[in-house]
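Data block below; observations after.
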Amino acid sequence: MHSDQLEISRRDLLISSAAAVAVTGAATVAAAQPSGSDMALTSKLSLTVNGKRHDIEIDNRTTLLDALREHLHLTGTKKGCDHGQCGACTVMVDGRRINSCLTLAVMHGGDQVTTIEGLGQPGDLHPMQAAFVKHDGFQCGYCTPGQICSSVAVLEEIKANIPSHVTGDLTAQAQVTPAEIRERMSGNICRCGAYSNILDAIVEVAGTKA
Ligand code: FES
Ligand code: FES
């Protein structure tokens, strides 16, 4: 055989071998992953919000915050940072406050979610909402739903004797002190700086002294 022909044959052999490896690899990947039609991108979900059950189908990547605002149209809960840093999106899940931007809605089927709309309404305000109004605990109001949900949960946390970083005596019942409230509310940012009035409102509802 001529040396040129031998060279071409070698090159053809290498190309065909590489193609065979690529096809085998692609087949392995295809076997490991479900096909597009098999992949569940959405879920059917029953969300109980403010005592009302909602049956929805949503993208699995939807946060609880977006489910509340975009799917259930409960826009009282605000989106500030969308990164767990401002507290504007605070809601209560089974009585505990969480940042709804940091959790997926599909994780909360069967949970009891409470938003600012569920705490009270005009004409029938929750005592914490009334106290915020009385003490001017807001200016623009953007952080306020989160502040109020957080405040209500904070008083429950103290009642349940859950310690904070400033709780001194872990063997005694936690007290509602201004220092405890400030520490526990530190995840709720108010860009208007209404902090002293917010503290006054919480202190009044707690029945303690600032
Ligand atoms: Fe959730 Fe800021 S929007 S913490
Ligand atoms: Fe404006 Fe708090 S009242 S951010």
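The values are calculated or read from the model by the stated rules, or taken from the named source; none is laboratory data. The shown structure was predicted, so the numbers you read here are calculated from the model rather than taken from an experiment. Don't worry about glycine lacking a Cβ; one is built from the backbone with ideal geometry, like all the others, and counts go over all protein chains shown.
What the table below lists for this structure:
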read-out: Qualifying positions in region 159-210 - among the hydroxyl-bearing types (Ser, Thr, Tyr), under 27 Å from GLY80 (Cα atoms) and away from ligand 2 (no atom under 15 Å from the Cβ); value: SER164
read-out: Pair list, Cβ < 7 Å and 6+ apart or interchain, from region 184-197 residues that are farther than 11 Å from GLY137 by Cβ to residues that are more than 13 Å from ligand 1 (Cβ to nearest atom) and in a loop (DSSP other than H, G, I, E, B); value: ARG184/SER164
read-out: Output for region 65-101, where each listed residue is within 7 Å of ligand 1 (Cβ to nearest atom), of a type in the set (S, T, N, Q) and crowded, with 19+ Cβ neighbours inside 10 Å; value: ASN99, SER100
read-out: Qualifying residues in region 130-147 (those that are under 22 Å from the mean Cα position of the chain (by Cα) and of a type outside the set (Ser, Thr, Tyr)) - the one nearest to ligand 2 (Cβ to nearest atom); value: CYS143
read-out: Whichever residue in region 198-210 is among the small types (Gly, Ala, Ser) and farther than 18 Å from GLY141 by Cβ and, among such residues, is farthest from ligand 1 (Cβ to nearest atom); value: GLY207
read-out: Residue list for region 41-78, filter: part of a strand (DSSP E or B), hydrophobic (A, V, I, L, M, F, W, C) and farther than 20 Å from ILE148 by Cβ; value: LEU45, LEU47, ILE56, ILE58
read-out: Single residue of GLY193, GLY207 found to be out of contact with any strand residue (DSSP E or B) (no Cβ under 7 Å at 6 or more places or on another chain) and either surrounded by 13 or more Cβ atoms within 10 Å (Cβ to Cβ) or modelled with pLDDT under 95 (or both); value: GLY207
read-out: Residue in region 79-97 that is within 16 Å of ligand 2 (Cβ to nearest atom) and at positive phi present; value: yes
